[in-house]
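The values are calculated or read from the model by the stated rules, or taken from the named source; none is laboratory data. In this text, all values refer to a predicted model and were calculated from it rather than measured experimentally. Counting neighbours? That spans all protein chains shown, and the Cβs are built from the backbone with ideal geometry, glycine included.
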Amino acid sequence: MAKLLIFGCGKMGGAVLNGALKKGLSPENVRVVEPNAEIRDALAKQGIKADETAESFETFMPDVVFIAVKPFLVKEIIASVKPFTDKGAVLLSIVAGRPVSRFEAELGEKAAVIRAMPNTPAAVGRGITGIFANGAVSEKQKNIVKTFLEACGDTVELKDESLIDAVTAVSGSGPAYVFYLTEALAKAAEATGLNQADAERLARATVIGAAELMRRSGETPETLRKNVTTPNGTTAAALDILADEKNGFFPLMIKAVKAAETRSKELANA
């Protein structure tokens with residue numbers, strides 16, 4: 001894999017990095033700028049050089065500069081990023097709400113910038129990341145970044161940056177929806193008389209098993225749903241409630257995703 005300079009190695013940055021390391025990325029090809037001493041110590045145990053600032057990495061020539069910091073921290077590190085992008089490194093940003101145009105304004109219009117929105121299942125190799133590349137990104141650079149990100153899941157390339165908000169609402173926030181569904185299923189199980197431990201175990205195993213079946217089968221979710229739904233049976237009785245056209249699961253989920261998309265756009269303009 002390529003050489004990487006990473007700014008910020010918290011939960012998401014660390015998850016993507018660990019996925020790449022498991023897929024063969026050499027620790028010798030990684031440098032990390034991270035203020036947290038505990039994280040730096042953990043990285044050192046993996047054979048990765050890390051420091052509080054990028055000054056000690058001035059002679060390191062990365063192919064990719066990966067920014068995985070909180071939005072308010074970008075202004076503190078952007079000056080340290082520019083020398084590397086000036087020398088041809090592609091910038092990969094997973095900073096929420098920060099459009100490519102802002103990086104271009106700070107780094108120059110010729111800077112190669114890829115904006116990405118990963119999700120937390122990247123931590124277990126099951127993530128999916130939406131990416132948008134500006135016109136300065138070469139096919140080689142795009143492939144390098146895809147290889148890096150696909151070490152912990154899949155990627156979807158977007159032709160319009162505005163769709164990042166939709167990706168954020170669907171897959172970025174989506175794991176929380178699934179966790180909430182699992183919570184709700186467990187509470188419903190308790191309401192039928194099951195104890196809390198059994199209810200939570202049944203709900204968790206059901207969601208995990210259904211997701212794995214969907215992954216392996218290749219069938220559409222609609223087909224899988226129909227396969228398990230016997231006419232006039234128990235599943236059909238439940239789906240009569242969930243599939244209500246006005247108050248059911250579909251209209252509720254559409255409303256929820258649109259709310260998340262709207263908030264994503266608001267954060268980008270903040």
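Of all residues in region 30-80, how many are aliphatic (A, V, I, L, M), touching a helix residue (DSSP H, G or I) at 6+ places or on another chain (Cβ under 8 Å) and closer than 21 Å to ALA268 by Cα?
Of the residues in region 30-80, 4 are aliphatic (A, V, I, L, M), touching a helix residue (DSSP H, G or I) at 6+ places or on another chain (Cβ under 8 Å) and closer than 21 Å to ALA268 by Cα.
Has region 179-201 got any residue that is within 14 Å of the chain's Cα centre (by Cα) and surrounded by fewer than 21 Cβ atoms within 10 Å (Cβ to Cβ)?
The answer is no; no qualifying residue exists.
Any chance region 172-180 includes a residue that's touching a Lys or Arg at 6+ places or on another chain (Cβ under 9 Å) and not small (Gly, Ala, Ser)?
So far as region 172-180 goes, no, none of its residues is touching a Lys or Arg at 6+ places or on another chain (Cβ under 9 Å) and not small (Gly, Ala, Ser).
Just to be sure I understand the filter: pairs with C-beta atoms under 6 Å, separated by 6 or more residues or on different chains, first member in region 171-190 and assigned to a helix (DSSP H, G or I), second member among the β-branched types (Val, Ile, Thr) and surrounded by 13 or more Cβ atoms within 10 Å (Cβ to Cβ). Which pairs pass?
The qualifying pairs are SER171/ILE128; PRO175/THR120; THR182/VAL207.
Report those helices (runs of 4 or more DSSP H) wholly inside region 10-105 carrying at least 1 residues which are among the β-branched types (Val, Ile, Thr), closer than 21 Å to SER138 by Cα and modelled with pLDDT of 95 or more.
Answer list for region 10-105: 74-86.
Tell me, yes or no, whether region 215-226 has at least one residue that is part of a helix (DSSP H, G or I), outside the structural domain of ALA123 (by TED's automatic domain parsing) and hydroxyl-bearing (Ser, Thr, Tyr).
Yes - at least one qualifying residue is present in region 215-226.
Here is a list: THR85, THR53. Which entry is crowded, with 19+ Cβ neighbours inside 10 Å, of a type in the set (Ser, Thr, Tyr) and in contact (Cβ under 8 Å) with a residue 12 or more places away in the chain?
THR85
Looking only at region 145-180, count every residue that is acidic (Asp, Glu), under 19 Å from GLY13 (Cα atoms) and in contact with a strand residue (DSSP E or B) (Cβ under 6 Å, 6 or more places away or on another chain) and tell me the total.
Qualifying residue count for the region: 1.
Would you kindly identify the strands (runs of 3 or more DSSP E) lying entirely within region 113-167 that contain at least 1 residues that are surrounded by fewer than 18 Cβ atoms within 10 Å (Cβ to Cβ) and under 12 Å from the mean Cα position of the chain (by Cα)?
Strands (runs of 3 or more DSSP E) meeting the threshold: 153-157.
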